Amino acid sequence: MSTPTRTPLIAGNWKMNGSLGDARTWAEAAAAAAAASANDVAVFPPAPWLMAVGGSLADAGGGVTLGGQACAWEAAGAFTGAVAASMLAEAGCRMVLCGHSERRHVFGERDADVAGGLARALEAGLEPILCVGETLEEREAGQTEAVILRQLDAGLACLRSAEDPLTIAYEPVWAIGTGKAATPVEAAAAHASLRARVAETDAERAARVRILYGGSANPDNMGGFLEVSDVDGLLIGGASLDPAKFAAMVGYTPAG
Ligand code: PGA
């Protein structure tokens, strides 16, 4: 369970989905849900919709953080199709996903590429959400901890000071978009390892860093994750495309 110093973050990653009209509708619904919730809320729309979604969120009274789904490991230049961290910042983003599973496994980003993007994000004043997670093959080979700590280390090496913002997302690759979420026990173990690794170099950061779970999270299973220690929020794909489901998740309050 999140502590008073770690307000849960409920984040919707829309991936490559939705028309501009859909994006505006989803943004308005997210803002309405956020206004009635004690949780922090963020949405990650497709890049072409960022400024319009930012406008919709502002019109709805704010309260939802705008984020980019990825940024380039270079600051600018001849990189056709890529989006610079500074562009995301100018478009109104305050966060960016770094090393989402689909960036790593569909688009081939390596740890060094993810680290470069994270470094550019920090330079641009964005809060990176460093995504880590093992494949099914890696899990079955007993490599889960080694893989996620290697991915974490590559990101931590880019931090310039204790003040640099950072959120971590544990997203087992086999759980993303499959309907087969990790169990809360599996998530708790991974989150504890990640937090312990952060503590090796910065105990204060370890106490405050939010570690989100992602992978087939939905309104029915989310409580199980948010009740266990070290899970400080959710990164939600599929369920974030359904405004009613996302609103239910944004409005989650722990039992008792
Ligand atoms: P999912 O996606 O909720 O559809 O599994 C999670 C993610 O990719 O962040």
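Below are the figures for this structure:
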| quantity | calculated |
| --- | --- |
| Computed lengthening from Phe79 to Thr25, 0.36 nm per intervening residue step minus Cα-Cα distance | 16.3 nm |
| Ellipticity estimate at 222 nm from DSSP helix runs (n ≥ 4, -39,500 (n - 2.57)) divided over the chain, nearest 500 | -12000 deg cm²/dmol |
| Net dipole in debye of the chain [+1 Lys, Arg Cβ; -1 Asp, Glu Cβ; about Cα centre; nearest 20] | 240 |
| Full-stretch length increase - Ala199, Asp242 - with 0.36 nm per residue and alpha-carbon distance subtracted | 11.8 nm |
| Arg208-Ala35 pseudo-label distance in nm [points 7 Å out on the Cα-to-Cβ vector] | 3.0 |
| Amide hydrogen neighbours beyond the local backbone of Glu127, cut-off 5 Å, H modeled | Met95, Val96 |
| Positive minus negative residues near Ala52 (Lys, Arg vs Asp, Glu; Cβ under 15 Å) | -3 |
| Residues whose placed amide H lies under 5 Å from that of Ile236, excluding near-sequence neighbours | Ala11, Gly12, Asn13 |
| Euclidean distance of C-alpha centroids, segment 118-161 and segment 204-240, integer Å | 16 |
| Table column - 3J(HN,Hα) (Hz), segment 21-28, Karplus curve with 6.51, -1.76, 1.60, x for Gly and Pro | x, 4, 4, 5, 4, 5, 5, 5 |
| Sorted by Cβ density within 10 Å, fewest first, the residues Thr5, Thr167, Thr80, Thr178 | Thr80, Thr5, Thr178, Thr167 |
| Counted charge near Leu212, where neighbours are those whose Cβ lies closer than 13 Å (Asp, Glu -1; Lys, Arg +1) | -2 |
| Added length on full extension, which subtracts the Cα-Cα distance from 0.36 nm per residue, Asp220 to Ser161 | 17.4 nm |
| Segment 175-185 - phi-based ³J(HN,Hα) in whole Hz, Karplus 6.51/-1.76/1.60, Gly and Pro as x | 9, 7, x, 9, x, 10, 5, 5, 7, x, 5 |
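Laboratory data are not the source of any read-out in this text; all were calculated from the coordinates shown. As the structure is a prediction and not an experimental result, all values here were calculated from the model. Methodologically, a virtual Cβ is constructed for each residue, glycine included, from the backbone with ideal geometry; neighbour enumeration extends over all protein chains shown.
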